[in-house]
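The values are calculated or read from the model by the stated rules, or taken from the named source; none is laboratory data. As the structure is a computational prediction, the values presented were derived from the model and not from experiment. Every residue, glycine among them, receives a Cβ derived from its backbone with ideal geometry; neighbour counts consider all protein chains shown.
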Amino acid sequence: MSSQRSGVTSGWRYRLASVIGTASITAIVVPVTSHPTVEDLAMSLPVVSHLPKPVHTHGGLTIITVTTVLAVLLSLIPLYKPRPRRIIDVISETQRRILLAALALATIGYFDYTYRLPRMMLVLTTLGLLVLLPAWHVLIRNQKRNATESVIIIGNDVETITTLHEKADIPFIGYVSLNQPISSPSESSDRNHSSTAMAPFTDGGAVIASHADVEGLEYLGGISRLNEIIVENDPDTVVLAFSQADREEFFGVLRTCYQHGVTAKVHRDLGNDVLTCDTKSDMLRDINLEPWDWQDRMVKRAFDALFAAVGLLVASPLVLGIAIAIKLDSPGSVIYAQERTATFGGTFTIYKFRSMVENAEQATGAVISEEDAGEVDPRVTRVGRILRQTHLDEIPQLWSIFTGHMSVVGPRPERPEIDREITADVTEWKQRWFVKPGLTGPAQINDVTGHEPDRKLRYDVKYIRNQSVLLDVRIIIKQVYKVAKEATDHLK
């Protein structure tokens with residue numbers, strides 16, 4: 001109960017800090033943008049210089065400021081609730097809502113309201129708030145997290161949960177499990193002083209054995225309610241206590257932690273299944289949910305979007321010719337779709353120009369093409385062989401990059417079926433799941449394919465730990481040179 005009371009208190013403090021800070025910053029920015037010195041400096045800017053200088057009436061600036069403060073406060077209402085968020089999400093959501101407030105103020109001006117915000121002041125105020133308000137919300141987010149540490153255990157391994165509760169020097173506030181404890185009304189009222197039985201849990205018809213409640217540790221709910229539990233308790237850290245790092249539950253929890261900006265730790269027994277921040281021999285390992293800083297991710301995303309847009313524009317004249325060639329060469333669709341592994345073991349749909357006969361894997365199932373090993377794959381069509389050698393079959397993937405499902409550079413995504421086969425032998429393979437999959441990567445420019453998963457993993461993990469825009473550019477240049485050389489050799 002004490003943790004809940006402190007959570008409520010810190011929640012109200014967060015709300016007050018959000019509202020007061022937002023109002024204060026806005027109330028300061030508006031008058032500053034109306035100062036003659038600021039206006040004169042703004043006139044030197046290319047766009048702003050074309051806007052008329054505002055004419056301030058007596059008392060008008062006060063009403064304009066109040067109107068702007070109200071518009072911004074109303075637009076940012078969703079951000080006042082203390083909810084776990086990643087820094088990049090705090091920044092993007094705050095800026096999005098500031099632009100919404102600016103649109104509302106511009107609409108007010110359209111109706112010729114007497115105390116409307118002049119266009120020059122609107123532009124300058126919006127620019128100022130786009131910088132200051134995200135910075136303020138990131139600041140109070142970090143202060144809130146640093147005030148008191150709260151940790152939740154999540155897992156299906158009761159023995160590990162109990163061991164962590166007893167031996168780890170961490171202030172756990174409770175645990176989340178697959179199963180749910182059942183108790184009578186009298187038992188539930190005195191839950192912290194006695195253990196209760198756990199109800200059997202069914203998953204697709206299979207009954208999982210019940211287990212005892214963890215003594216002295218509050219049960220917060222089932223994994224199906226994980227999103228609600230994280231929002232309600234706002235933990236700083238989640239500790240995973242699973243018997244195995246399975247794709248659905250284990251990586252599903254990691255995906256939820258990532259979405260809410262919550263730090264994650266795992267017992268050292270599963271340390272090889274995840275990307276960790278260090279190699280210490282402590283009982284708990286820090287999981288590297290975000291291998292790259294948010295600034296690096298923003299730059300990489302901007303680079304990806306620009307690259308994909310330019311690539312789609314340049315390749316557009318080739319699309320019709322490729323489509324006609326595929327249809328003339330063999331019956332079937334021009335483009336085919338496949339499920340591939342995304343971040344944290346999720347899946348997304350990838351698109352490619354068809355280079356094999358229709359339904360090529362109907363008899364064999366998902367298998368790695370023999371062409372990746374330098375052999376001849378009889379399923380590949382004549383046009384498909386040219387498309388593969390020139391990598392023109394990859395053009396539709398530029399759309400996946402543009403929409404944010406892939407990156408230009410990163411670990412190549414595999415099909416879930418092949419991932420399962422590889423992880424059975426190479427446990428560390430799942431470390432590739434912590435960043436967006438890519439169109440190319442260091443393994444590709446070094447001619448390492450899925451036939452050599454150990455080598456491919458080493459290249460991918462090294463890239464993840466050393467990623468930079470400069471490194472991405474170098475890989476892209478090498479890939480372009482490699483493709484050009486292979487195309488030239490083919491023409492000869």
Problem - Odd one out for Asp282 among (1) under 24 Å from the mean Cα position of the chain (by Cα); (2) within 26 Å of Tyr175 (Cα to Cα) - result: (1)
Practice task
Tell me which of these Ser49 doesn't satisfy, since it passes every other one: (1) closer than 30 Å to Ile229 by Cβ; (2) modelled with pLDDT under 70; (3) assigned to a helix (DSSP H, G or I).
Solution key: (1)
Practice task
Please go through segment 304-347 and pick out each residue that is without any contact (Cβ under 8 Å) to a residue 60 or more places away in the chain and either assigned to a strand (DSSP E or B) or not assigned by TED's automatic domain parsing to the domain that holds Asp460 (or both).
Solution key: Tyr336, Ala337
Fill in the blank from the handout: Counting only residues in segment 453-492 that are outside any helix (DSSP H, G or I) and touching a helix residue (DSSP H, G or I) at 6+ places or on another chain (Cβ under 9 Å), the one surrounded by the most Cβ atoms within 10 Å (Cβ to Cβ) is identified as Gln467
Problem - Residue check, Ile230 at pLDDT 75 or above and among the β-branched types (Val, Ile, Thr) - result: yes
Completion exercise
Restricting segment 256-286 to residues that are of a type in the set (A, V, I, L, M) and part of a strand (DSSP E or B), the one surrounded by the most Cβ atoms within 10 Å (Cβ to Cβ) turns out to be Val266
Practice task
Given the conditions (1) over 22 Å from Gln95 (Cβ atoms); (2) over 36 Å from the mean Cα position of the chain (by Cα); (3) hydrophobic (A, V, I, L, M, F, W, C); (4) modelled with pLDDT under 70, report the number of the one that Met1 does not fulfil.
Solution key: (2)
Exercise for the section: Check Leu289 against each of (1) among the aliphatic types (A, V, I, L, M); (2) over 26 Å from Gly384 (Cβ atoms); (3) surrounded by fewer than 17 Cβ atoms within 10 Å (Cβ to Cβ) and name the one condition it does not meet. Expected result: (3)
